[in-house]
Amino acid sequence: MEKTGKLYGVGVGPGDPELITVKAVRVIKSADMVFTAASTKNNYSLAVDIAAPYIAPSATIEPLRFPMTKDEVQAEAAWTGNARKIAQALKKGLTAVFLTLGDPVTYSTFGYILKTMKQVMPDADIETIPGITSFHAASARLNRILVEGEESLLVTSGAFGGSRIRHLHQVENIAIVKAYKNIKDINAALKEAGMHGKGVAVSHCGREKEEIIGNLDELETRTPDYWTLILAAK
Ligand SMILES: C[S@@+](CC[C@H](N)C(=O)[O-])C[C@H]1O[C@@H](n2cnc3c(N)ncnc32)[C@H](O)[C@@H]1O
């Protein structure tokens, strides 16, 4: 019987091409197939750009589409279709990588792949290679302690505004990804939680368009970029 291949979920880090792990580089070099999430508008992938120096010339690069839709049936059909493409590669005995920015198990499309592969190919050999997250990169960029001593850290999404930030108890530090919309409500919630004063926003951390915004109120005067996160503390 032919040996089946292996899928690696690989985090390539937050954007600085030097913030990719040695293990990620080794695995990417060994890949016959490179999968990544493609934008619905074009096939450009920053994750592929970062990994490009390590992708074998003979490897096939296949962007997978993940429609941003609230229609669950449509979304699940897309995830299943994507998982089937990966399963086909594994059944041919190929080594495949699924590249994600930052870390693959932190707000990543690889999460959908993991869930769907369990249904499409329950015996698939899958290994996750962690990556440096955007908020670790941002803390490092600012020489700012993320959490220490007996403190706690909340990692949350700002996509729905400040609802997850209000009424926090015993959380001294917070990292908010997807802080590009609902910024007014996020700011209001941070003020209520007494965390606004020490808040800093970082956009495009470690990339060409990097920007550090020390006054979070300033974000309300413009639409923050998608690649924006906020670090805040009591
Ligand atoms: C879908 S999440 C992906 C998180 C990623 N898997 C990680 O480990 O950091 C996208 C959000 O991550 C944050 N993000 C990712 N890379 C970033 C960067 N280089 N600079 C600032 N924020 C970033 C932004 O808040 C963006 O809206």
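The values are calculated or read from the model by the stated rules, or taken from the named source; none is laboratory data. Computed from a predicted structure; not experimentally measured. Because the Cβ atoms are built from the backbone with ideal geometry, glycine has one as well, and the counts that use them run over all protein chains shown. Only protein heavy atoms, including side chains, enter the accessible area calculation; ligands, DNA and RNA are left aside. Shrake-Rupley method; radii C 1.70, N 1.55, O 1.52, S 1.80 Å.
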Taking the Cβ of residue 152 as the center, what net charge do the other residues with Cβ under 15 Å away carry, scoring Lys and Arg +1 and Asp and Glu -1?
-2
Extending each Cα 7 Å along its Cβ direction at residue 115 and residue 16, get the distance between those two points in nm, one decimal.
3.3 nm
Could I get the Rg over Rh figure for the stretch 13-126? Both from C-alpha atoms, Rh via Kirkwood, rounded to two places.
0.95
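Could you work out the local net charge near residue 180, counting Lys and Arg as +1, Asp and Glu as -1, over the other residues with Cβ closer than 12 Å to its Cβ? Can you show the working numbers first?
Values: positive: 178, 181, 222; negative: 225.
Residues near residue 180 contribute +2 overall.
Can you pull the percent of the chain's accessible area that's carbon plus sulfur, 1.4 Å probe, other chains left in place? Write out the running numbers ahead of the final one.
On the way: 6490 of 12490 Å².
For the chain, the apolar C and S fraction of the accessible surface comes to 52 percent.
May I ask you to derive the FRET efficiency for residue 42 and residue 160 from their Cβ-Cβ distance with R0 = 35 Å, giving the value to the nearest 0.05?
Working: r = 27 Å, r/R0 = 0.78.
It comes out at approximately 0.80.
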Backbone HN-Hα couplings from phi across the stretch 98-115 [Karplus 6.51/-1.76/1.60, Hz, Gly and Pro as x]:
10, 8, 9, 6, x, 10, x, 10, 10, 6, 10, 5, 4, x, 5, 5, 4, 5
To the nearest 10 degrees, how steep is helix 183-192 against the longest Cα principal axis of the chain, on a 0 to 90 scale?
50 degrees
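What does the charge count around residue 206 come to, taking other residues whose C-beta lies under 10 Å from its C-beta (Lys +1, Arg +1, Asp -1, Glu -1)?
Working: positive: 141, 207; negative: 16, 18, 208, 210.
Residues close to residue 206 contribute a combined charge of -2.
Could you list the chymotrypsin sites (Phe, Trp or Tyr not before Pro) in the stretch 121-185 that lie in coil according to DSSP, counting only those with at most 15 other Cβ atoms within 10 Å of their Cβ?
Details: sites: 135, 160, 180; in loops: 160, 180.
Hits after loop and neighbour filter: 160.
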Give, in whole angstrom and from largest to smallest, the semi-axes √(5λ) of the equivalent ellipsoid of the chain, with λ running over the eigenvalues of the Cα gyration tensor.
35, 19, 16
Listed by chain and number, the residues whose amide H is under 5 Å from that of residue 95, excluding neighbours fewer than 5 places away on the same chain and using placed H, are 6, 32, 33
How far is helix 72-91 tilted off the main Cα axis of the chain, in degrees rounded to 10, range 0 to 90?
50 degrees
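Rounded, prolate or oblate for the stretch 46-107? Axes are the square roots of the Cα gyration tensor eigenvalues, ordered a ≥ b ≥ c, and the cut-off for rounded is a/c under 1.5.
Numbers: a/c = 2.38, a/b = 1.37, b/c = 1.74.
Oblate is the answer for the stretch 46-107, as a/c is 1.5 or above yet b/c matches or exceeds a/b.
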Partners for residue 92 among aspartates and glutamates (Cα-Cα distance below 14 Å; same-chain residues under 8 apart left out):
2, 32, 125
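Quick check: with the 1.4 Å probe, what order do 118, 234 take by accessible area, largest first? Mind dumping the intermediate values first?
Details: 118 145, 234 100 Å².
From most accessible down to least: 118, 234.
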With just the Cα atoms defining each centre, how far is the stretch 23-39 from the stretch 164-185? Give it in Å.
33 Å
With only alpha-carbon atoms in the gyration tensor, what are the semi-axes of the equivalent ellipsoid for the stretch 69-198, in Å, largest first?
35, 18, 12
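How much of the pair distance distribution for the stretch 151-234 lies past 14 Å, counting alpha-carbon pairs only, in percent?
Details: 1954 of 3486 pairs.
Percent of Cα pairs beyond 14 Å in the stretch 151-234: 56.
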Restricted to the chain, the DSSP antiparallel beta bridge percent, nearest 5, is 30 percent
5 Å is the cut-off here: which amide hydrogens, built 1.01 Å from N in the peptide plane, fall below it relative to residue 225, excluding neighbours closer than 5 in sequence?
none
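How much accessible area per residue does the chain have, in Å², with a 1.4 Å probe?
Working: 12490 Å² over 234 residues.
About 53 Å² of surface per residue is accessible.
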